[in-house]
Amino acid sequence: MARLDLETVATRTRDQELQEGDRAATKMSTSGGLRPATEPSPGISFGEPLFVLRDLSFWYGNKPALADVTMAFPVNRVTALIGPSGCGKSTLLRCLNRMNELIPGVRLTGEVTYHSQDIYASDIDPVEVRRRIGMVFQKPNPFPKSIYDNVAFGARVNGYRGDMDELVERSLKQAALFDEVKDDLRKSGLALSGGQQQRLCIARALAVGPDVILMDEPCSALDPFATLKIEDLIRELVEDFTIIIVTHNMQQAARVSDFTAFMLAGEDGAGRLIEYGPTEKVFTNPEEQRTEDYITGRFG
Amino acid sequence: MQQTLYPGGPGAVHQALRKRPLKRRGEFLIMGMLVLCATVSLVTTGLIIYVLFSESATFFREVSLADFFLETEWQPLFDPVSFGIWELVMGTFNVVFWALVMAVPIGMATAIYLSEYAAPRTRRVLKPVLESLAGVPTVVYAYFAVNVITLQILRPLLGNDLPIFNSLSASIMLAVMVLPTIASMSEDAMASVPRDLREAAYGLGATRLEVAVRVVVPAALSGVMASILLAIARAIGETMIVAIAAGSTPRLTLSPLESIQTMTGYMLQVGLGDAARGTIDYQSLFAVAAMLFLITFAFNVASTMLVNRFREVYE
């Protein structure tokens, strides 16, 4: 856990840098995190990015799913990936923690770095990658175990030595679920409502101690009220974590995200990054006609 | 104007929608046949149980229940005649226990390998091969147990003091016999655990083994338990292997290195021998069968309760 505390401190400094960066667009070229040659995120300026993707392409068997995606994700910000079904946004998200490898027959080219480390380098263990990059899925998927065991699961498989009760309580509090379940942590996670289950899944991810949480359409199976709660939670969590969220719901992207990336599948079926920028700009004054068409509901 | 489905007016509507007695009669006929078939199997089962207990009742007029349960010797053929069931029960328990000791870990490991580690193509080839093991006639296993396992493996390993008919060889063969049941049914149960749960665990940094042991097996527990219970039921009821390989010496022991006799082994011995109808030997067969039935029945009920209680339900 000491490692993570150090990182939180480092993140804070980067965060301050980032706020300055927002004001001064020129800061980017001097921050050193981005190489001007590849220009991972045109038009966006922020400090050292958490993830940088360079020419990322991805195939399921022979079927291309992503083509030449180059972009960077900022620290302590919510970045939304939007686009119509099949545009590769979930695939892109799953490339960030090597979840895609669980499917046989996939292939990836290009580079994905996390804190400047190439996570697809041959000496990198995908299990270690997933321990540090949390993920929340489309359908709430708590284990058929107690609330307590759900939260403790990740810590246990990671050999956590600290006070488990304290960790479970802290994680549930961070996920804004503790007050609702504190009376009976032995109850099955599946006995909770859909929205509570999803917050349990968030707590479970937080308990492992990641610095980033990937969310794959976390609200698509939830009612509007539960959705609102998750969105509020995302805004709270972004104080301490980097969040990347895939969403079908454009209002949601507009409400929760700081940056928005719009993706679209080409003729070959491979998803490409069409436009990426501060959410406000993408939604109010997009550069690309296709972005505007999608956002205004002309297709998709 | 919109084209009507019923050009003949209201009468045509009635004609189209009314009940058709002939069609219904066909339905009744089919339903009747199905009920008949179901009844035949129910009645047969009922009759078997009736015969079992009525014949046993004749036996217990000669031998008291107290002797049956309190004597420790099963010696129906020589004087002094003695009918203490526990030696046979222990014989069954002996082979089944040692068979499970071998089959459950190997079967679970096989299931975990097939479900979590094997490539889809490997699984497609291996699983049918494994399942075809269940099609080997048990009498083949029985002679294999004596000729190969005992004579060529166990005796060279453990020395010639090992009786030629010993419970270990029977246990090994029983384990081989039930292994496909455990592995295949457990694999089915594990494969039906939603991918969501696996992804959740992988997303938290679990390794393949942790996902298998901490998530997939608990979630598939009811199916896994069911496979083990079915394996136990098959092992308890198995006759040829134990009759041929385990010996015919009733003995109150859990040692795998001795010659023993199981309930089914005794029944086969008596059934094949020249025990005349109406003799005490002949009736003892039904008493042992009733005992076997009660044990299996109690076991089934208990296991159903156990599975319902401990399974981790998803969805």
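Computed values, structure above
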quantity	calculated
Residue that is nearest to A:ALA72 (Cα to Cα), among those in region A:203-224 that are away from chain B (no Cβ under 11 Å) and part of a helix (DSSP H, G or I)	A:ALA203
Residues of region B:58-85 that turn out to be touching a residue at least 40 places away in the same chain (Cβ under 8 Å), assigned to a helix (DSSP H, G or I) and closer than 17 Å to B:LEU294 by Cβ, as a count	3
Condition check for B:ARG155: within 14 Å of chain A (Cβ to nearest Cβ) and farther than 22 Å from B:ILE232 by Cβ	no
Qualifying residue in region A:134-147 (condition: surrounded by fewer than 21 Cβ atoms within 10 Å (Cβ to Cβ), out of contact with any strand residue (DSSP E or B) (no Cβ under 9 Å at 6 or more places or on another chain) and more than 9 Å from chain B (Cβ to nearest Cβ))	no
Filter result for the condition that a residue is assigned to a helix (DSSP H, G or I), crowded, with 20+ Cβ neighbours inside 10 Å and touching a helix residue (DSSP H, G or I) at 6+ places or on another chain (Cβ under 8 Å), over B:MET190, B:MET102	B:MET190
Single condition B:GLN283 does not satisfy, out of (1) over 19 Å from the mean Cα position of the chain (by Cα); (2) surrounded by fewer than 19 Cβ atoms within 10 Å (Cβ to Cβ); (3) more than 14 Å from chain A (Cβ to nearest Cβ); (4) of a type outside the set (Val, Ile, Thr)	(2)
Residue check for A:GLU128: within 11 Å of chain B (Cβ to nearest Cβ), free of Cβ contacts under 8 Å to residues at least 12 places away in the same chain and farther than 19 Å from A:ILE243 by Cβ	yes
Residue within region B:265-276 that is closer than 19 Å to B:PHE144 by Cα, within 23 Å of the chain's Cα centre (by Cα) and surrounded by 21 or more Cβ atoms within 10 Å (Cβ to Cβ) present	yes
Filtered residue count, region B:238-264, keeping only those that are more than 24 Å from the chain's Cα centre (by Cα) and either of a type in the set (Val, Ile, Thr) or assigned to a helix (DSSP H, G or I) (or both)	1
The lone exception for B:ALA226 - which of (1) in a helix (DSSP H, G or I); (2) facing chain A (nearest Cβ under 9 Å) it fails	(2)
2 or more residues within 14 Å of A:CYS201 (Cβ to Cβ): qualifying helices (runs of 4 or more DSSP H) within region A:139-188	A:147-157, A:164-174
Residues of region B:1-24 satisfying the condition of being surrounded by fewer than 10 Cβ atoms within 10 Å (Cβ to Cβ) and assigned to a helix (DSSP H, G or I)	B:PRO10, B:GLY11, B:LEU17, B:PRO21, B:LEU22, B:LYS23
Residue within region A:79-90 that is within 14 Å of chain B (Cβ to nearest Cβ) and either touching a strand residue (DSSP E or B) at 6+ places or on another chain (Cβ under 7 Å) or within 30 Å of B:LEU209 (Cα to Cα) (or both) present	yes
Tally, over region B:160-194, of residues that are out of contact with any Ser or Thr (no Cβ under 6 Å at 6 or more places or on another chain), among the hydroxyl-bearing types (Ser, Thr, Tyr) and farther than 18 Å from B:VAL129 by Cα	3
Flag for B:PHE165 being crowded, with 17+ Cβ neighbours inside 10 Å, in a helix (DSSP H, G or I) and modelled with pLDDT of 90 or more	no
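The values are calculated or read from the model by the stated rules, or taken from the named source; none is laboratory data. If you're wondering where the values come from, they're calculated on a predicted model, not measured in any experiment. For neighbour counting, all protein chains shown are included, and Cβ atoms are generated from backbone atoms with ideal geometry for every residue, glycine included.
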